[in-house]
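Reviewing the structure listed below.
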Amino acid sequence: MSSDLSGHFHDMALSMFVAYKALLFNETPVACIVKNTKTGEVTSIGYNYTNTSLNGTQHAEFIAMQRFKDQDVNYKDLVVYVTVEPCIMCASFLRQLGIGKVYYGCGNDRFGGTGTVLSVHDDPNLGEGRYESIGGIMRTEGIQLLRNFYIQENESAPQPKIKKNKEIETKEFPRNEFKFSEDQFIENYGKERIPLYNDGVKELTPVFGKGYSVHDLIDISSVKALPYLEQELGEITQDQLNEFCDLFFNIHDNGEINYDKPIRKYNAKKRHLEE
């Protein structure tokens, strides 16, 4: 495995942007893209659609895979980049399809189905379809998107509940824990990164020893090239991409989060970002 993870970060950043587009529609900002390893093309995207559809099964992975229902697809050739660890339901669904591999951003502490709560993806007692699920790429960005959703107040509730801690721009992140083996870590992320495996406070970066900003990972042409996105969730502009990138801290060369960088947060009432 090459120690250069730039391609993986690019693909995960695309998923993060899809999640942001879902946030603009008041959906939980969890999303995925699907790449065909034979062609290198992004062949599908998915995003949470449970609020709009009033259907609890319309998770990102389900929507992405439903697009293949009338196609002759070898699911083993497909890799899913999803912003949050698949839940138990989605992990089971991907196993039944025989998916090739999953990369996810942050863990799912309540419902994670690929190592955090249950290990549906590789449980030998569940028959065929085991797959590898590897987390940690853009972990903090996945968490920050969720925070931007959960600080919103439900104005349609009979007695709207005031969120107690809305200062997400000053809130630190939980420890970084990799829910897969050290050997898998080395195989996927490179031996030189092994000090991060048990560190807990440092993040993966695209190039070892070099930090990054989300602004560096994707551009307007790459997000506009995503299939289905503009058709389903509206026009993509450079201003919108900039607003998305401004939600996140950058990462120092040593893997530490730069909490000194000013970030913005999403304001659902105004349907745009505020300082």
Matching helices (runs of 4 or more DSSP H) fully within segment 145-244 where at least 1 residues are in contact with a Gly (Cβ under 8 Å, 6 or more places away or on another chain), closer than 22 Å to G105 by Cβ and at pLDDT 95 or above: 182-189
So which of R67, R95 ends up being surrounded by 18 or more Cβ atoms within 10 Å (Cβ to Cβ) and among the basic types (K, R)? R95
Within segment 113-128, the residues that are at pLDDT 95 or above, in a loop (DSSP other than H, G, I, E, B) and not acidic (D, E) are G113, G115, T116, V117, L118, V120, H121
For E61, state whether it is open to solvent by less than 30 Å² (accessible area, probe 1.4 Å), part of a loop (DSSP other than H, G, I, E, B), closer than 28 Å to L247 by Cβ and not hydroxyl-bearing (S, T, Y). no
With the requirement that a residue be surrounded by fewer than 24 Cβ atoms within 10 Å (Cβ to Cβ), in contact with a strand residue (DSSP E or B) (Cβ under 7 Å, 6 or more places away or on another chain) and under 15 Å from S92 (Cβ atoms), what does segment 122-144 give you? Y131
List the number of the failed condition for D253; all other conditions in (1) open to solvent by 30 Å² or more (accessible area, probe 1.4 Å); (2) in contact with a strand residue (DSSP E or B) (Cβ under 7 Å, 6 or more places away or on another chain); (3) closer than 26 Å to A22 by Cα hold. (3)
Quick check on segment 8-16. Is at least one of its residues outside any loop (DSSP other than H, G, I, E, B), over 15 Å from the mean Cα position of the chain (by Cα), in contact (Cβ under 8 Å) with a residue 40 or more places away in the chain and within 18 Å of P227 (Cα to Cα)? no
Here is a list of conditions, (1) without any contact (Cβ under 8 Å) to a residue 40 or more places away in the chain; (2) of a type in the set (V, I, T); (3) open to solvent by less than 40 Å² (accessible area, probe 1.4 Å); (4) more than 21 Å from A225 (Cα to Cα), and T52 meets all of them except one; can you say which number that is? (3)
With respect to the numbered conditions (1) open to solvent by less than 20 Å² (accessible area, probe 1.4 Å); (2) more than 19 Å from S133 (Cβ to Cβ); (3) of a type outside the set (V, I, T), which one is the sole condition not fulfilled by F9? (2)
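Here is a yes/no grid of residues against (1) open to solvent by less than 20 Å² (accessible area, probe 1.4 Å); (2) at positive phi; (3) free of Cβ contacts under 8 Å to residues at least 24 places away in the same chain:
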| site | (1), (2), (3) |
| --- | --- |
| E182 | no, no, yes |
| P195 | no, no, yes |
| N198 | no, no, yes |
| T205 | yes, no, no |
| K224 | no, no, yes |
| P227 | no, no, no |
Collect the residues in segment 31-48 that are open to solvent by 30 Å² or more (accessible area, probe 1.4 Å) and assigned to a strand (DSSP E or B), keeping them in residue-number order. K35, N36, V42, T43
Of everything in segment 180-224, what is basic (K, R) and more than 23 Å from K35 (Cα to Cα)? Give them in sequence order. K191, R193, K202, K210
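The values are calculated or read from the model by the stated rules, or taken from the named source; none is laboratory data. These numbers were taken from a predicted model, which means no experiment stands behind them. Glycine gets a Cβ as well: all are built from the backbone with ideal geometry, and neighbour counts include every protein chain shown. The protein model used for the area step is the full one, side chains on, heavy atoms only, and it has no ligands, DNA or RNA in it. Shrake-Rupley method; radii C 1.70, N 1.55, O 1.52, S 1.80 Å.
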